[in-house]
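The values are calculated or read from the model by the stated rules, or taken from the named source; none is laboratory data. Computed from a prediction, not measured in an experiment: that's the story for all the values here. Note that each Cβ is placed from the backbone with ideal geometry, even for glycine, and that neighbours are counted across all protein chains shown.
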Amino acid sequence: MAVILANETAWPGLKSGIDRIDECGLDIIEAMIRDIEAASEVHSVGRGSWPNMVGELELDASIMYGRTLEAGAVAALKGYLHPISVARAVMSRLPHVFLAGEGAARFAREIGAEASNLLTEASRNGFDAWVEGNIPEKLRERWPECSLVEHAWASLDPEEVGGTTCVLVCDDFGDCSAGVSTSGWAWKYPGRVGDSPVIGAGCYADNRYGAVGCIGTGEMAIRVSTARSVILYMKQGMCVEEACREAARDYRDLSGGVIRRVVIHAVDRSGSHFVLAAGADEGTRYYVVEEESGRFEERISETMRL
């Protein structure tokens, strides 16, 4: 029986997931995430997202197929509406896994991906308000044509954790797949890449065990390879809940840098799932869609203090 696990930001794509639940997991993931990337009211994915420190939108996405362990990812992609589709095309059409920056944009152009001006009036106004509230008046007139380094810590993401879109599917064909898409940390330093496009950090799928996707503070997930760690803990014989908790304990060894919340989403090959908000006092919403019911159920994650 097919199972879809998605985080709260995925709500604009839930209808697509329900309508396509009997299809291949990769198709379900791409359809759901495309809907979210096009939804301008979601300020952390696709069109209408909060830009980086210089007012530009850089998008990240990845997708992974658990049957073959094939994956595709793009990072710092500018000017294209659907990074999840570009990431899937990287997986299917290139001998590579990961494209970034100008190379990712060139590939998107060559495959005919949909170009778009992603900044909306709301996201531009949000950027202007951030500059006014965080950049000294004497620098604003020449912003961003000045040094950005000393202002990077003012860019801590104001969004609630959960901004990344995460969709995991165990489909009727016995395959586990994972996909994530995000604009990343709001007002981030240009070129910043989080965990979402990093296979093994923010996204991983392996039919033998299950699929994992992370949202939240990507720097933390990168440092301890969270998504792959959950899979490896399941490989050691842990159930999906134990694996997520053990992966979250790895964060306790981190010091320095940004230490905030990470939400781990995982589903095992049998369809059992677990969602854990590590470093949080309150759980976050997520959705489960099961083929048998044909509708989504809203649930609240477990929490773990770090």
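What is the number of the single condition among (1) assigned to a loop (DSSP other than H, G, I, E, B); (2) on the phi < 0 side of the Ramachandran plot; (3) not polar (S, T, N, Q) that Gly184 does not meet?
Only one criterion is unmet by Gly184, namely (2).
Restricting attention to the range 73-106, which residues are in a helix (DSSP H, G or I), within 24 Å of Trp185 (Cβ to Cβ) and of a type outside the set (D, E, K, R)?
Within the range 73-106, Pro83, Ile84, Ser85, Val86, Ala87, Val90, Gly101, Gly103, Ala104, Ala105 meet the criteria.
Residues Asp195, Asp281, Asp268: which one is surrounded by 19 or more Cβ atoms within 10 Å (Cβ to Cβ) and without any contact (Cβ under 8 Å) to a residue 40 or more places away in the chain?
On the way: Asp281 fails: surrounded by 19 or more Cβ atoms within 10 Å (Cβ to Cβ); Asp268 fails: without any contact (Cβ under 8 Å) to a residue 40 or more places away in the chain.
The conditions single out Asp195.
Quick test of your reading of the structure: Leu69 fulfils all but one of (1) out of contact with any helix residue (DSSP H, G or I) (no Cβ under 8 Å at 6 or more places or on another chain); (2) crowded, with 24+ Cβ neighbours inside 10 Å; (3) not basic (Lys, Arg). Name the failing condition by number.
(2)
Please specify each residue of the range 77-103 satisfying the condition of being within 17 Å of Thr164 (Cα to Cα), touching a Leu at 6+ places or on another chain (Cβ under 6 Å) and among the aliphatic types (A, V, I, L, M).
Selection gives Leu77 alone.
Can you say whether Leu57 is assigned to a loop (DSSP other than H, G, I, E, B) and modelled with pLDDT of 95 or more, as far as the supplied structure shows? Steps first, please.
Values: assigned to a loop (DSSP other than H, G, I, E, B): yes; modelled with pLDDT of 95 or more: yes.
Criteria met by Leu57.
When you go through (1) assigned to a loop (DSSP other than H, G, I, E, B); (2) surrounded by fewer than 17 Cβ atoms within 10 Å (Cβ to Cβ) one by one for Ala122, which number turns out not to apply?
Unmet condition: (1).
Looking at the range 22-39, I want the residues that are in contact (Cβ under 8 Å) with a residue 60 or more places away in the chain and have a partner that is of a type in the set (Val, Ile, Thr) and assigned to a helix (DSSP H, G or I) with Cβ atoms under 7 Å, at least 6 apart or on another chain. Which pairs are those?
Glu30/Ile84; Ile33/Ile84; Ile36/Thr9; Glu37/Ile84
Within the range 198-240, take every residue that is among the charged types (D, E, K, R) and touching a residue at least 40 places away in the same chain (Cβ under 8 Å) and give me the one that is surrounded by the most Cβ atoms within 10 Å (Cβ to Cβ).
Restricting to residues being among the charged types (D, E, K, R) and touching a residue at least 40 places away in the same chain (Cβ under 8 Å), the top hit is Asp206.
Can you tell me which residue within the range 254-265, out of those that are surrounded by fewer than 24 Cβ atoms within 10 Å (Cβ to Cβ) and β-branched (Val, Ile, Thr), is farthest from Trp185 (Cα to Cα)?
Among those that are surrounded by fewer than 24 Cβ atoms within 10 Å (Cβ to Cβ) and β-branched (Val, Ile, Thr), it is Ile259.
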